[in-house]
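To keep things clear, I will list the structure first and then write my remarks on it.
Just so it is clear, none of the values below were taken in a lab; they were calculated from the coordinates. All values reported here derive from a predicted model rather than from experimental measurement. Cβ placement follows ideal geometry from the backbone for every residue including glycine, while neighbour counts extend to all protein chains displayed.
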Amino acid sequence: MSHSTLPEPEATPNQPEETADQLAPLPPEPRFQPLPPPPPEQFTILRSEDGRVELTNDGLELNGELFGWRELEGVDVRPVRWLLGVMLGAFTLCIFMLGFLQFWLRTVPAALGMSLGIALLAWGARGTNRWRLHRPGQEPRHFAFSGPARSWQQLAQEANRRIRQRHDEAAATAAYWLQAAEPTNWPSQHQISGF
């Protein structure tokens with residue numbers, strides 16, 4: 001009985017097996033180096049016409065009380081009518097006008113009463129400007145100032161800009177110091193996985 005043997009495959013040259021230890025070291029990854037934050041913006045001092053509101057470099061001063069820019073979230077100003085004055089003025093004007101038209105009152109008392117009603121109506125319609133300061137975690141503070149609403153609203157817009165600027169500066173400074181405090185000798189992701 002003849003035994004046939006299969007031909008042996010040709011010998012292939014031995015290829016060295018690569019191991020993780022024999023890999024060439026990878027170049028270090030470039031690390032993000034944050035830029036130091038710019039110096040804080042210096043604000044000019046702005047005052048209201050009556051001097052009761054002042055915007056300084058450090059904060060907002062209302063009636064002698066100082067609020068720092070970073071302790072505020074925002075400011076809004078709304079013109080508010082005195083509803084009681086409007087209602088009393090309208091009611092007084094209507095009563096005296098009705099009394100005069102129904103011949104209950106003579107001309108002089110009716111004219112004086114209508115003048116009083118118009119004065120009350122004008123006083124209530126003039127109203128006031130209510131400043132509302134929003135502070136984190138606290139109730140809003142309210143302040144009332146008389147005068148045209150436009151100048152107060154311009155001051156409030158500038159105050160809101162300064163509040164945002166100071167918050168942005170604080171966030172940039174905190175991010176810089178957090179990044180600077182992060183250890184730079186931690187192993188990179190490539191060194192941990194072995195690839």
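May I ask you to derive the relative contact order of segment 107-167, considering only C-alpha pairs under 8 Å and at least 6 residues apart, and to give it as an integer percent?
Relative contact order for segment 107-167 comes out at 22 percent.
Quick one: if you stick a label point 7 Å off each Cα along the C-beta vector at Leu35 and Asn63, how many nm between them?
Simple spin-label model gives 4.4 nm for this pair.
Between Phe91 and His134, what is the label-to-label distance in nm when each label sits 7 Å out along the Cα-to-Cβ direction?
Label-label distance for Phe91 and His134, simple model: 3.6 nm.
Could you check the simple spin-label distance between Ala181 and Leu46, using points 7 Å along Cα→Cβ, in nm with one decimal?
3.5
With θ set to phi - 60°, apply the Karplus curve 6.51 cos²θ - 1.76 cosθ + 1.60 along segment 155-160 and write out the HN-Hα couplings as whole Hz, x wherever there is a Gly or Pro.
5, 5, 5, 5, 4, 5
First select every other residue whose beta carbon is under 10 angstrom from the beta carbon of Arg78; then total the charges, Lys and Arg +1, Asp and Glu -1.
My count for the surroundings of Arg78 gives +1.
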